[in-house]
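*Asks:* Dumping the structure here so I can ask a few things about it.
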Amino acid sequence: MSDKKIGYQAWSWAFYDWGNSAFATVVMAGFFPVFFKEYWSAGAPVSLSTFRLGAANSSAGLLVALLAPALGAIADRGGARKKFLIFFALTGIAATASLYFIPQGEWLFAAFSYMLAMIGFMGGNIFYDSLIVTVSPRNRLDFVSSLGFSLGYLGGGLLFALNVLMVRNPEFFGLSSAGEAVKLSFAMAALWWGIFLVPLLLAVKEAKGLGRKGQNPVRKGFSDLAETFRHIKSLRPVYLFLIAYWLYIDGVDTIIVMAVDYGMSLGFPASSLMVALLITQFVGFPSAIAFGKLGERFGVLKALYGGLFIYCCVVVWGYFMDSAGEFYAMAIAIGLAQGGVQALSRSWFARLVPEEKAAQFFGFYNMLGKFAAVIGPLLMGLAGLVTGSPRTSILALLLLLGGGIIMLRYSSTAVASEGGERL
C-alpha cells in the first residue's frame, strides 16, 4: 500500500459507515423513539413508554460494553475481525428489517428487535474501527478515519431526508399513511446497511491473527485480555488517553442525546428540532473531511483540541440561546465539530495501539464509548434540579469537556516522553 495514497480497501471500508449510519440516523435518532411511543406503546403512559425505551437502550449498550474487550481479544487472536464484523452487521440488519413486520401495540417485540439491532450496530463498530489499521497507510489515518465519518453523515443524512419526505407526504410515494412510511423507512435502513456492507466484504483483506496452529483462539483471547488488564496502567499514553476520551466523549454524546430534550424544554417546536438534526448531518459531511485535513496539516492533537473548543463554545452559547434560529445555528456548530472529534479520536488512538492487537484495544475504546452519555445527563439533571433552570444544567458539561482536554494534554505529554506515537 502506498504511503501517500489511500486505496480501494480504505474506500470500501469507509463506505460501511455510509451504510450503517442509516440505522443510527433513521432508526436510533430519528423515527424509532417517536414510533415506539405512539405506535408500539400506544395507550401506555408516557413515563412507562420512556422507561421501556430507556431500558432497551441501556441493556443493549451495557451488554456490548461488557463484551467489547473480550470480543476484540478473541478476534485479534483468531484473525477474525472481519468475520465478527459481518456477524454483528447481519444481526443488526435482520433485526432492523424485522421492525417493518411488527404490528401496533407489540412493544415487547419492537423493543427486543431494537435491542438486537443496537447490539449488531455497536458490536460491529468494534471490529470496523479496528480494521482501520489494516486499510490505511499510517500517515493517512486521520484522513481515512475522517472519510468514514463524513460518508456516514452524508449517507445517513440522504436516506433520512428521503424518509422525512415520505413521512410528511406519504400519498406522493403511494403510501397509505405516515405510519406506513415510517415502517418502510426501517426496512430501507436495513437494505441500505446491507448494500454498503458488500464493498467491505469483498475488498478488505485482513492480516492473519496472532494465534499459532492448534491454539484455541477463544481461550487465548481471554488470556490476552487478562494480560492487558494487568498491564494497562503501564501503557501510560493509552491509559491517559482512554480517561480523556471517556470524559470528553461523554460531554459530546450528552449534547447529541440531550439536544432535542433541551430544545423542547426551552419551548422550541418538534419540527424545528428535526430540521436541526438534518442540518447537523449535512454539515458533518464536509467538516469531518476538513478536520482530517487539518489533522494532517497541523497535527491531529491540535485539530482535536480545536473541535473540543468548539464544543465548549456551544455549551456556553446554549445557556444564552432563546430562539429556534439560534438552535439551527448551534446545530451547524455541532456539525462542524462532531465528526472531527469522533474521527480524530479514532485515528489518534489507532496510532497509540499495537497493530496486531488493534481489535482488543479498540474493544476498550468502544467500551468507554458505550458508557458515554452516562455522567453528562446526570450532571445536567442535578444542575437543573438544584438551580431550577434548564439553562444552567447545560453548563455542567464544561466539567466533562474541560476534564477531557486536561487529560488529553497529559496523554500527549506521555507520548512525547516515550519518544514517539506508537507504544
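*Asks:* Per-residue counts of other Cβ atoms within 10 Å, averaged by peptide: what ranking do you get for 324-333, 246-255, highest first?
*Replies:* 246-255, 324-333
*Asks:* Between THR413 and GLU326, what is the label-to-label distance in nm when each label sits 7 Å out along the Cα-to-Cβ direction?
*Replies:* Computed distance between label sites THR413 and GLU326 equals 3.7 nm.
*Asks:* I've got another one for you. If you roll a 1.4 angstrom probe over the protein chains with everything in place, what fraction of the accessible area of the range 112-216 belongs to carbon and sulfur, to the nearest %?
*Replies:* For the range 112-216, the apolar C and S fraction of the accessible surface comes to 67 percent.
*Asks:* Is there a pair in LYS82/LYS205; LYS205/LYS357; LYS82/LYS183; LYS83/LYS293; LYS83/LYS183 whose C-alpha atoms are over 20 Å apart, and which pairs would that be?
*Replies:* LYS82/LYS183; LYS83/LYS293; LYS83/LYS183
*Asks:* Just the accessible area per residue of the range 279-365, please: how many Å² with a 1.4 Å probe?
*Replies:* I get 34 Å² per residue for the range 279-365.
*Asks:* Same structure again: Would you mind classifying the range 277-410 by shape? Square roots of the alpha carbon gyration tensor eigenvalues, ordered a ≥ b ≥ c; an a/c under 1.5 is rounded, otherwise it is prolate if a/b is larger than b/c and oblate if not.
*Replies:* Oblate is the answer for the range 277-410, as a/c is 1.5 or above yet b/c matches or exceeds a/b.
*Asks:* Oh, and also: Listed highest first by mean packing, meaning other Cβ atoms within 10 Å per residue, what order do 83-90, 16-23 come in?
*Replies:* 16-23, 83-90
The values are calculated or read from the model by the stated rules, or taken from the named source; none is laboratory data. Values in this document were obtained by computation on a predicted structure and should not be read as measured data. Heads up, the Cβs are rebuilt from the backbone with ideal geometry, glycines too, and the neighbour counts pull from every protein chain shown. Protein only, heavy atoms only, side chains kept; ligands, DNA and RNA dropped before computing areas. Shrake-Rupley method; radii C 1.70, N 1.55, O 1.52, S 1.80 Å.
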